[in-house]
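Chemist: Sending over a structure as structure tokens; questions will come in a sec.
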Ligand SMILES: Cc1cc2nc3c(=O)[nH]c(=O)nc-3n(C[C@H](O)[C@H](O)[C@H](O)COP(=O)(O)O)c2cc1C
């Protein structure tokens, strides 16, 4: 996966290999996909003022998230239906991600048992959607804790699933239901109260921390004031995300929201970001704007078309691009990048 056109090649390979409904599911955004398209473009609006005359012989790409050191400043965001993309699904994703010194957030809709993912040795967190009746989530949370999840990521941008349009039959009409939600109780969807909670509040953060004994990360925050409420309620980290544009269409691009959230809580909690990150230069922009780590959704999912080898190649390519970006920016570490985005360009990101 070398050369400047690797992203196009990755997408083309997915177009060649994946059944149309699966490809559509991976790429789609909500409604008119305004946010999905804009999120990718906006990272490229950042303009850097690189340092010079600094020793960049050995750039250090590592970051520490909730006390755990990653060799690279990105992790794999939670995505449903990995086994529709490749039969080895989450296990292949986990193996390649562990080998790259990265980490993985496992969707509560995952199609692979938590224990099988954990066996890869990957550092992983659980992503949770909470149901109207919170107690229905308890068995799944217990399974994740038992299997070694190191944090819980509460997704808060999905009170309802944002409408998406399908050109043909949707993925849910075509995919084997056995490759999704295997960590939830078998009859889960039929239970009264299993629908997504419409009444999530800051108290759910404390409840999750208490019931799991794990740090809680809140995913789907775009505002500094909301970030502050999360941290006041006990969140260990806030994750700036618009769900890859799959929830509220016309939600602002995360690159534009990140500085406000970092200013509001960056001293007190870790701040992560995802949405449209597609290159080492995008990663540099996110880190320079103050993200403690960056998460990738569609890129690793597209790479998974070729199983663990595909994901390994993606990690290797991004490592090379990020290394080059740090060197050219005159930065030896991730922290050195802070503030290299030209301020007035930053303002109209
Ligand atoms: C196919 C797909 C499935 C997703 N499933 C989940 C999920 O189960 N839980 C969740 O919190 N986010 C989910 N997301 C959102 C991602 O975690 C992430 O926020 C988003 O993909 C980041 O944008 P990017 O794809 O442009 O990198 C999903 C995204 C995609 C593309």
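The values are calculated or read from the model by the stated rules, or taken from the named source; none is laboratory data. This is a predicted model, so every value here is computed, not measured. Here Cβ is always computed from backbone atoms with ideal geometry, including for glycine, and neighbour counts include all displayed protein chains.
Chemist: Inside region 59-91, can you point out the residues that are over 16 Å from the mean Cα position of the chain (by Cα) and within 23 Å of residue 13 (Cβ to Cβ)?
Modeler: Matches in region 59-91: 83, 84, 85, 86, 87, 88, 89, 91.
Chemist: Is one or more of the residues making up region 22-43 part of a strand (DSSP E or B) and closer than 29 Å to residue 271 by Cβ?
Modeler: Looking for residues that are part of a strand (DSSP E or B) and closer than 29 Å to residue 271 by Cβ, one finds none in region 22-43, hence no.
Chemist: Moving on to the next point. For region 321-343, state whether one or more residues are within 16 Å of the ligand (Cβ to nearest atom) and within 25 Å of residue 9 (Cβ to Cβ).
Modeler: yes
Chemist: Here is a follow-up. Just to be sure I understand, how many residues within region 93-117 are within 16 Å of the ligand (Cβ to nearest atom) and over 22 Å from residue 137 (Cβ atoms)?
Modeler: Qualifying residue count, region 93-117: 5.
Chemist: State which residue pairs qualify: first residue over 24 Å from residue 80 (Cβ atoms) and inside region 277-303, second residue within 11 Å of the ligand (Cβ to nearest atom) and part of a helix (DSSP H, G or I) in any location, beta carbons under 7 Å apart, and separation of 6 or more residues or different chains.
Modeler: Within 7 Å, the pairs are 285/43.
Chemist: Could you identify the single residue in 307, 276, 297 that is buried (at least 19 other Cβ atoms within 10 Å of the Cβ), more than 15 Å from the ligand (Cβ to nearest atom), within 27 Å of residue 22 (Cβ to Cβ) and modelled with pLDDT of 95 or more?
Modeler: Matching residue, one of 307, 276, 297: 307.
Chemist: Does residue 208 satisfy the criteria of being over 28 Å from residue 339 (Cα atoms), in contact (Cβ under 8 Å) with a residue 60 or more places away in the chain and more than 16 Å from the ligand (Cβ to nearest atom)?
Modeler: So residue 208 does not fit the description; no.
Chemist: Can you find even one residue in region 107-124 that is without any contact (Cβ under 8 Å) to a residue 24 or more places away in the chain, surrounded by fewer than 18 Cβ atoms within 10 Å (Cβ to Cβ) and in a helix (DSSP H, G or I)?
Modeler: No; the residues of region 107-124 include none that is without any contact (Cβ under 8 Å) to a residue 24 or more places away in the chain, surrounded by fewer than 18 Cβ atoms within 10 Å (Cβ to Cβ) and in a helix (DSSP H, G or I).
Chemist: Ok, one more. For residue 11, indicate whether it is more than 11 Å from the ligand (Cβ to nearest atom) and either more than 17 Å from residue 276 (Cα to Cα) or exposed (fewer than 14 other Cβ atoms within 10 Å of the Cβ) (or both).
Modeler: Details: more than 11 Å from the ligand (Cβ to nearest atom): yes; either more than 17 Å from residue 276 (Cα to Cα) or exposed (fewer than 14 other Cβ atoms within 10 Å of the Cβ) (or both): no.
Criteria not met by residue 11.
Chemist: Which of the residues that make up region 282-294 are over 12 Å from residue 255 (Cα atoms) and within 15 Å of the ligand (Cβ to nearest atom)?
Modeler: Passing the criteria: only 293.
Chemist: On to the next question. For region 148-266, which fully contained helices (runs of 4 or more DSSP H) count at least 3 residues that are modelled with pLDDT under 95, over 19 Å from the mean Cα position of the chain (by Cα) and surrounded by fewer than 22 Cβ atoms within 10 Å (Cβ to Cβ)?
Modeler: 171-174
Chemist: Out of (1) in contact (Cβ under 8 Å) with a residue 40 or more places away in the chain; (2) crowded, with 23+ Cβ neighbours inside 10 Å; (3) within 16 Å of the chain's Cα centre (by Cα), the odd one out for residue 94 is which?
Modeler: (1)
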